[in-house]
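Single-structure report; data block below.
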Amino acid sequence: LAAALSPGLLAGRHVLITAGPTLEAIDPVRGITNISSGKMGFALARACRRVGARVTLVAGPVSLATPRGVERIDVVSAAQMRDAVLRAVGDAGVFIGVAAVADYRPAEVSEHKIKKSGGSGLALELVQNPDILAEVAALPNPPFCVGFAAESRNLDEYASAKRLKKRLPLLVGNLIQDGMGGESNRVVLYDELGRHPLPAASKDEIAGGIVAHLAAMLANKQ
Ligand code: CTP
Ligand code: CA
């Protein structure tokens, strides 16, 4: 994992990455979201750039600096993230979905701030968001697709099932308690050969390990 990646490992390739959360508006000042710092996705963007890839990073609302040499497209909602991805995916050889996309959005967005009324609760109707990764993986000539799964339990079972369901060659899984918000993580890579645990490490080191595995898989395909 600590081994240096060769500088031209992904030269000539366009890598498209989603990172961070999405925010689904309820009204002008409120929304529902998933918790995600964006650090893992930004670390991957840096790692891919460092080994020569052209990198497009579609980022939800995060407070992180844009990695040097990376084209960043900022979005807020899952619908905006999907549009940005579909616009950029044309010549991408690799798509890495790291974003914690909100699975649901409010059916209606209130134009004005919702006022508290009465003494009881408030019911929100939610509708399902499109699955960006599944959509990209199902394109006629799809890029090499990498998924992420952060689970609170049953990691092997849920991650393997997700990889198969979305038809992904590679999926990166982690337990929420190991990674969320922090600088380090512990992940397991899942591919058709099985599970490959990486040692616990900084998110930058883990990004390097993922890129090494991904590049080896791309090289085997050719
Ligand atoms: N993903 C996506 N668009 C969505 C939901 C998820 O692109 N609307 C991507 C994520 O970026 C991640 C992968 O799909 O790479 C798995 O996300 P996850 O939330 O773990 O899976 P879901 O299919 O949404 O299943 P669930 O939340 O029920 O576990
Ligand atoms: Ca989800």
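The values are calculated or read from the model by the stated rules, or taken from the named source; none is laboratory data. The shown structure was predicted, so the numbers you read here are calculated from the model rather than taken from an experiment. Glycine gets a Cβ as well: all are built from the backbone with ideal geometry, and neighbour counts include every protein chain shown. Heads up: the accessible areas ignore ligands, DNA and RNA and are worked out on the full protein's heavy atoms, side chains in. Shrake-Rupley method; radii C 1.70, N 1.55, O 1.52, S 1.80 Å.
Observations on the structure shown:
- Some residue of segment 164-179 being under 19 Å from the mean Cα position of the chain (by Cα), in a helix (DSSP H, G or I) and small (Gly, Ala, Ser): yes
- The residues of segment 180-211 that are closer than 20 Å to residue 19 by Cβ, assigned to a loop (DSSP other than H, G, I, E, B) and of a type in the set (Gly, Ala, Ser), listed by number, are 181, 182.
- Condition met for residue 98 (within 21 Å of residue 41 (Cβ to Cβ), more than 16 Å from ligand 2 (Cβ to nearest atom), open to solvent by less than 40 Å² (accessible area, probe 1.4 Å) and of a type in the set (Val, Ile, Thr)): no
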